[in-house]
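K.L.:
Before I ask anything, here is the structure I am working with.
The values are calculated or read from the model by the stated rules, or taken from the named source; none is laboratory data. All figures in this text were calculated on a predicted structure; none of them were measured in a lab. Positions of Cβ are backbone-derived with ideal geometry, glycine not excepted, and every protein chain shown enters the neighbour counts. In case anyone asks, the SASA skips ligands and DNA or RNA and just uses the protein heavy atoms, side chains included. Shrake-Rupley method; radii C 1.70, N 1.55, O 1.52, S 1.80 Å.
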Amino acid sequence: VAPRQPGLGTTARFEAGAMGTPEWEIIPDDVLVPRRTARRHRVVASDVQVFGRKRRTNAADIGPGDARGARTAVSAYEAGPSEKRACGPSEIRARDEARAADAREVPRDAPTAAKAGADEPPTQTATQKGLGVSSEAKKKASLGASAETPKGVCVSQNHLEREPMSYGALAAMDEGMSRAHKANRKRARDAQTLLRRAVGVRDVKFFNRLIRDFGNDKQLGFAEEAFKRVRECDGLERNVYSHTNMLNACVRVGELEKARQVWENMLSENVEPNEVTYTVFVKGLAQSGRLDEAMALIETLCAEGSAVAPNVRTFSTMLRNCVRHADGLNADRCFEAMRQASVAPDAASFEYLIKTKCAAFDARGAWAAHSEMEREYLEATPQALAALATVSSITGDVAGATKACAAAKAAIEANGAGVVASADGSRGDGLFSSLDDDLDGAENDEPERERPPGPGAGNMSESVRAFLRLRNSDAARQVADVEAFLAKGEAHVAAVAADVRAGHASASSPVKVVEGEGPVLDFRKLFRGGKSTDETRRPVKLEVCSGMGDWVVSRAAADARSADWLAIEMRRNRVRMTWAKGVRARLNNLAVLRGMAHEMLSSRVPEDSLSEIYVNYPDPPEWVGSTQCLVDGAFLIQAHRALVRGGGFLTLVTDDPGYAMRMCRELSRRPDLFAPTAEDGKPFVSGVPEGYGGSYFDEMWKNGRQTDRYYMRYRAEK
């Protein structure tokens, strides 16, 4: 068998040396599939993951919990020449079910036999009470004696890291995980089949469609492989569509540096960008927070003599990201550039402008944009009107808020899509909602896709009706929140308006906002106006990636007399939303930290200071090879450091089966840091506890009949 081939990501290929034996290709979860393909069709891409292989062991080598016969899994990196036998489906299924049973039944404080052989000592779990990492393991790590370490355990100077639980074992525990696992494997196989076909067809149009489809499906590794193979085929050259589709594939998964490289390669190959290429690159810059650079690129296109002119989608792309960053100045620059370029704004452009002004608490500017929209005979959507109602109410304009509420209700009635059953106003899912999110999801599939029709759509498909129904429901909840707020009386509204006008940087603000990395926070000065002391300090709880802030605000209100709450969020508009909701609820036990979760935890949160950390419905990694993953080993280390001794808990909730498996695997690597609290020792629980709360996207997935939910609660081992 040939040695493991270096290539993109974790993909490997093994070729049999015997004549007539097919080459072997590893695909997700330790299954070897014989592929009788020509060598020139070989495919290596980082979207295909390597998890394990098989080898024979002696009966004496099998641990007491191994019910799978005389075979056990070993790492793909350890696989030898005699280990190339493919496993049958029944054997794989029996093995995964046995592994799942082991994970549920073996006590966490019981010693675990090493898989490598009887001559190696059993490895004790580092979560045994009072043990932590053994002194012998530390000694081995300090001496660099990695060769003496039992297989399946990685020892360093600071921790004991185990091989993670396999995807197959996790999939055997839950139907949703099993479904996602099989779909991912099929997805990888299909992608490889298409790549082989493209090499055989040798048509640049076929490659371009392939790059586009891989990009839209967030399979960046396969898109890169297809992009590279265009030039490897004799007689083929990449054109503007090849580069544009590759650029879009990078932007779709948030890989700006890769996108820059594609852009530079395009220019170096003397390929002229078109308006779609520029729009995609503007999107990549803007969504990464580089709004000034994106706006400068647009102004270059608008300059006299430019070979390419921007279109309305170029400007709308910029405006959508102005909403995300609550950047009213660049939104105004964008509209001014539209006028100079003689590009008429559409309803989406005006809606983004209104939302940006609302996120910046500029009620006057928002109403001015709405008036201009009416002069163009464009109708505002229910969510835009609900945002106007909210910003008017918290800035003290009761008449404007009342007018906007009435207009939002009329718009909901006019578009005919209705609302979902849970839209009763009982859960405030957004001061300014998540319009920028759901529209982003609707428009991102490819550069040329049109957004769903707005009010007065007439005959709608069921998917469009469901989309509008969800947006109507969100607007209805906002309107209900505004009406409930106004009903509290003029004095209450005036007090909130005074705090909003003063801003979150004011010393009198009841809810503090901390921007970026910096010195460690003193919680005594952060909460309740700095009036707390060591004697009056209360438990502090944290929600990481708090989104629109609804969940953390409701929890802080419930714990007003018993605990303080922190929220970490990266996007500026969401931070402003959370702050405004806390001010509107008159909370003084809530603070918001704006920045990346890893950096804010490590620099701002003191050691042994948090009683609980919650991560609710985090965004899954954009693609298999993405490093932009919240719940990883570094996060677990920081979370463990911040939790108090003798009772700190980490709770993770997600609706994505693939991300749930990834989180479980990361936690299983570090038994010295966290232990599951489920009675049967299972790494997760299907479904969330009653009354736990949800999110905007939780409601959206329910509306789409996606009901998989995963709840993971772990105790910090300190």
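K.L.:
With every protein chain kept in place and ligands, DNA and RNA left out, what is the accessible area per residue of region 156-305? Probe 1.4 Å, answer in Å². Don't skip to the answer; put the middle values down first.
P.N.:
Numbers: 6540 Å² over 150 residues.
Averaged over the residues of region 156-305, the accessible area is 44 Å².
K.L.:
What are the principal axis extents of the Cα atoms in region 550-660, in Å, biggest first?
P.N.:
43, 35, 26
K.L.:
First obtain the Kirkwood hydrodynamic radius of region 460-518 from its Cα pairs, then insert it into the Stokes-Einstein equation at 25 °C and 0.890 mPa s, and state the resulting D in µm² per second as a whole number.
P.N.:
Translational D for this selection: 167 µm²/s.
K.L.:
If I model a spin label as a point 7 Å beyond the Cα along the Cα-Cβ vector, how far apart are those points for R290 and L329 in nm?
P.N.:
1.9 nm
K.L.:
Quick one: plug the Kirkwood hydrodynamic radius of region 589-718 (C-alpha pairs) into Stokes-Einstein at 25 °C, 0.890 mPa s, and report D in µm²/s.
P.N.:
158 µm²/s
K.L.:
Something else: Can you find, among L601, T651, M712, the residue sitting farthest towards the positive end of the charge dipole of region 575-718, where Lys and Arg contribute +1 and Asp and Glu -1 at Cβ?
P.N.:
L601
K.L.:
Stretched out fully, how many nm does the piece from S686 to A303 gain, at 0.36 nm a residue minus the Cα gap?
P.N.:
Net length gain for the segment: 132.3 nm.
K.L.:
Another one. Counting Lys and Arg as +1 and Asp and Glu as -1, each charge on the Cβ, what is the dipole of region 300-390 about the Cα centre in debye, to the nearest 20?
P.N.:
About 220 debye.
K.L.:
Order the following by accessible area, largest value first: C545, C322. Probe radius 1.4 Å; ligands, DNA and RNA are ignored. Show your work: numbers first, answer last.
P.N.:
On the way: C545 50, C322 0 Å².
Result, largest first: C545, C322.
K.L.:
Given labels modelled 7 Å from the Cα in the Cβ direction, how far is it in nm from R209 to D234?
P.N.:
2.6 nm
K.L.:
Using 20 Å as the cut-off for backbone N distance, which residues of region 558-598 belong to the label zone defined by a point 7 Å from the Cα of E607 along Cα→Cβ?
P.N.:
598
K.L.:
Separate question: Starting from the Cα of K182, step 7 Å along the direction of its Cβ; do the same at S626; then give the gap between the two resulting points in nm.
P.N.:
Each label point lies 7 Å from its Cα, and together they span 2.6 nm.
K.L.:
Per the 1.4 Å probe, what fraction of the accessible area of region 280-426, in percent, lies on carbon and sulfur atoms?
P.N.:
Answer for region 280-426: carbon and sulfur cover 52 percent of the accessible area.
K.L.:
Then there is this: For region 159-209, max minus min Cα coordinate along each principal axis, in Å, sorted largest first?
P.N.:
Result for region 159-209: principal-axis Cα extents of 49, 31, 15 Å.
K.L.:
Here's another thing I want to ask about it. Taking the Cα centre of region 566-718 as origin, sum charge times position over the Cβ atoms of Lys and Arg (+1) and Asp and Glu (-1), and report the length of that vector in debye to the nearest 20.
P.N.:
560 debye
K.L.:
Report the FRET efficiency, 1/(1 + (r/R0)^6), for S508 and M596, where r is their Cβ-Cβ distance and R0 is 25 Å, rounded to 0.05.
P.N.:
It comes out at approximately 0.30.
K.L.:
Calculate, for region 577-718, the solvent-accessible area per residue in square angstrom, rolling a 1.4 angstrom probe over the heavy atoms of the protein chains.
P.N.:
Per residue, region 577-718 has an accessible area of 35 Å².
K.L.:
Let me ask something else about it. Charges only on Cβ, +1 for Lys and Arg, -1 for Asp and Glu: so what's the dipole of region 525-639 about the Cα centre, in debye to the nearest 20? It would help to have the intermediate numbers written out before the result.
P.N.:
Details: 17 positive and 14 negative charges, 165 e Å.
Dipole of region 525-639, to the nearest 20 debye: 800 debye.
K.L.:
OK, next. From the C-alpha coordinates alone, can you work out the Kirkwood hydrodynamic radius of region 491-577, in Å? Mind showing how you got there, number by number?
P.N.:
Details: mean 1/r = 0.0706 Å⁻¹.
One decimal place: 14.2 Å for the Kirkwood radius.
K.L.:
Given the whole protein assembly as supplied and a 1.4 Å probe, what does the accessible area of H598 come to in Å², nearest 10?
P.N.:
50 Å²
K.L.:
Restricting to DSSP loop positions (anything but H, G, I, E, B) with no more than 12 other Cβ atoms inside 10 Å of their own Cβ, which chymotrypsin sites (Phe, Trp or Tyr not before Pro) remain in region 505-613?
P.N.:
Sites meeting the loop and neighbour criteria: none at all.
K.L.:
Quick check: at a probe of 1.4 Å, how many percent of the accessible area of region 190-239 sits on carbon and sulfur atoms?
P.N.:
On the way: 940 of 2210 Å².
That fraction is 43 percent.
K.L.:
What Kirkwood Rh does region 363-412 have if only Cα atoms enter the pairwise 1/r average? Answer in Å.
P.N.:
10.6 Å
K.L.:
Output the pairs from K283/K409; K355/K488; K403/K541; K488/K512; K283/K541 with a Cα-Cα distance over 30 Å in this structure; if there are none, say none.
P.N.:
K283/K409; K403/K541; K283/K541
K.L.:
Continuing with this model, one more query. Can you give the extra length, in nm with one decimal, that the chain gains between A678 and A491 once fully stretched, where that is 0.36 nm per residue apart less the Cα-Cα distance?
P.N.:
Stretched out fully, the A678 to A491 stretch lengthens by 62.5 nm.
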